[in-house]
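All remarks here apply to the structure that follows.
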Amino acid sequence: MNRYDEDWFENNNSSFLEYLRYIYKILENNYQNEYVFKNSFLNEILINDIISGDSKVFSEFRIGNAVADLVLFNGTSKVFEIKTEMDSAKRLDIQLKNYRTAFNEIYLIIPESKSKEYTYLEQEIGIITYQPNDLEKFKITRKATSNETVDPNVIMEVFHTNEYKGLVLEYFGSLPRMTSFNQFEKCKELILQIPNHILNSYFISIMKRRQKQVAIAKKHYKEFNQISLALKLTTTERKELIGLLKSPIKQTPYVLSTA
């Protein structure tokens, strides 16, 4: 900041909030990194569903040996993998292999300039292109094919203890005799017996219950919506964050008391 934006540091009226919004605008126009992709996708595509409470969205959702950039649960499950201009497709095959085990629809979000590089992907993979300067920034160039078959072994690894015990109790009416040491295997034996399409529905509803309502906004400080999602900020916590960022960059020097 001292090297590139000295004026901001010297200006008595500048706040951290204003500076971060300035930086975000530069990134959005010239260097669309993963944060900009995610934040823009939230603001342009997902925000109405999130605010209404109909959908729950996770940022950085671990599944098997991969971590998905964005995952959405409503009546179905969708995973969104982002590849920016700076990313390679080196791990994409492994990521997609993992995503197929748990999600109904898979989408790849890429810059419009790189769309031809991913045409080799299977037709089941949906493709969304990003062009920040267009009025319609995100366009679905290929719709994903829905797959409602999930891998119970993978789903079990996603569930928390209270979630898989709750599922067994709800579906079978009681829990098996078990201890803290074998409860995972005992419950897994039962969950493997649940018809796959029903387990898929349970997975979606349990994930929706897990994710609390996060504070994101349609109008004010939209640059910080991805931060709110990643940190799972409540309305109060988001207001506190924005309040702190409104502090002036140029702080009054601290003077030691000589009394």
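The values are calculated or read from the model by the stated rules, or taken from the named source; none is laboratory data. Model, not experiment: these values are computed from the prediction. Cβ atoms come from the backbone with ideal geometry, glycine included; neighbour counts cover every protein chain shown. Please note that ligands, DNA and RNA were not included when accessible areas were found on the heavy atoms of the full protein model with its side chains. Shrake-Rupley method; radii C 1.70, N 1.55, O 1.52, S 1.80 Å.
Pairs 78/165; 78/212; 218/246; 212/239; 38/222; 114/143: which are spaced more than 21 Å apart, C-alpha to C-alpha? Don't skip to the answer; put the middle values down first.
Details: 78/165 25 Å; 78/212 18 Å; 218/246 19 Å; 212/239 17 Å; 38/222 12 Å; 114/143 17 Å.
Check vs 21 Å cut-off fails for 78/165.
Amide H neighbours of residue 77 under 5 Å, counting only residues 5+ apart in sequence or on other chains, H built in-plane at 1.01 Å?
Amide H neighbours of residue 77: 104, 105.
Would you mind working out the magnitude of the charge dipole of the chain relative to its Cα centre, with +1 at each Lys and Arg C-beta and -1 at each Asp and Glu C-beta, to the nearest 20 Debye?
The dipole of the chain has a size of about 580 debye.
Sum up the charges of everything whose Cβ sits under 10 Å from the Cβ of residue 100, counting Lys and Arg as +1 and Asp and Glu as -1, but leave residue 100 out. Kindly include the intermediate steps, with their values, before the conclusion.
On the way: positive: 97; negative: 122, 124, 151.
Result for the neighbourhood of residue 100: -2.
Out of all DSSP beta bridges with both ends in the stretch 1-147, state the antiparallel percent to the nearest 5. Could you put the intermediate results ahead of the total?
Values: 15 of 25 bridges.
Here the share of antiparallel DSSP bridges comes out near 60 percent.
Read phi for every residue in the stretch 56-62 and hand back ³J(HN,Hα) as whole Hz from Karplus 6.51 cos²θ - 1.76 cosθ + 1.60, θ = phi - 60°, with x for Gly and Pro.
10, 10, 10, 9, 6, 9, 6
Taking a point 7 angstrom from the Cα of residue 134 along the C-beta vector, which residues in the stretch 69-98 have backbone N less than 18 Å away?
Label zone hits: 81-85.
Which of 72, 229, 244 moves most in a GNM of the chain, Cα contacts under 10 Å?
Per the Cα network of the chain with a 10 Å cutoff, 244 tops the list.
Between 43, 29, 200, find the one with the highest GNM mean-square fluctuation for the chain; connect C-alpha pairs within less than 10 Å.
29
Dipole magnitude of the stretch 79-194 about its Cα centre, charges +1 at Lys/Arg Cβ and -1 at Asp/Glu Cβ only, in debye to the nearest 20?
Working: 15 positive and 18 negative charges, 26 e Å.
Taking the Cα centre of the stretch 79-194 as origin, the dipole is about 120 debye.
Taking H placed 1.01 Å from N in the peptide plane, check which residues at least 5 places from residue 15 or on another chain put their amide H under 5 Å from its amide H.
249
Sequence gap at least 6, Cα distance under 8 Å: using those rules, report the relative contact order of the stretch 155-244 to the nearest whole percent. Spell out each step's value before the answer.
Working: 45 pairs, mean separation 16.6, N = 90.
Rounded, it is 18 percent for the stretch 155-244.
Amide H of residue 109: which non-local residues (sequence gap of 5 or more, or other chain) have their own amide H closer than 5 Å, using H built in the peptide plane?
Placed amide hydrogens put 81, 82, 83, 128 under 5 Å from residue 109.
Over the chain, average the accessible area per residue using a 1.4 Å probe and give it in Å², no decimals.
Using a 1.4 Å probe on heavy atoms only, each residue of the chain averages 56 Å².
With a 1.4 Å probe and all protein chains left in place, how much of the accessible area of the stretch 65-134 comes from carbon and sulfur atoms, in whole percent? Intermediate values should be presented prior to the final figure.
Values: 1330 of 2870 Å².
Carbon and sulfur: 46 percent of the exposed surface of the stretch 65-134.
Multiplying the sequence separation of residue 250 and residue 123 by 0.36 nm and subtracting their Cα-Cα distance, what value in nm do you get? Walk me through the numbers on the way to the answer.
Numbers: separation 127, 0.36 × 127 = 45.72 nm, distance 5.37 nm.
Using 0.36 nm per residue and subtracting the Cα-Cα distance, I get 40.3 nm.
With the dipole of the stretch 1-117 worked out from charges on the C-beta (+1 for Lys and Arg, -1 for Asp and Glu) around the Cα centre, which of 27, 15, 68 lies farthest toward the positive end?
Comparing the listed Cα positions along the dipole, 68 ranks first.
Given a cut-off of under 8 Å on Cα pairs at least six residues apart, what relative contact order in percent is computed for the stretch 85-158?
Values: 94 pairs, mean separation 24.2, N = 74.
Relative contact order, the stretch 85-158: 33 percent.
For residue 231 and residue 178, FRET efficiency with R0 = 35 Å and r from the beta-carbon atoms, rounded to 0.05? Don't skip to the answer; put the middle values down first.
Numbers: r = 35 Å, r/R0 = 1.01.
The value I calculate is 0.50.
Calculate the FRET efficiency for residue 85 and residue 62 from the Cβ-Cβ distance with a Förster distance of 35 Å, rounded to the nearest 0.05. Please report the intermediate quantities before stating the final value.
Details: r = 25 Å, r/R0 = 0.72.
So the FRET efficiency works out to roughly 0.85.
With springs only between Cα atoms under 10 Å, which of 15, 88, 115 fluctuates most in a Gaussian network model of the chain?
Per the Cα network of the chain with a 10 Å cutoff, 88 tops the list.
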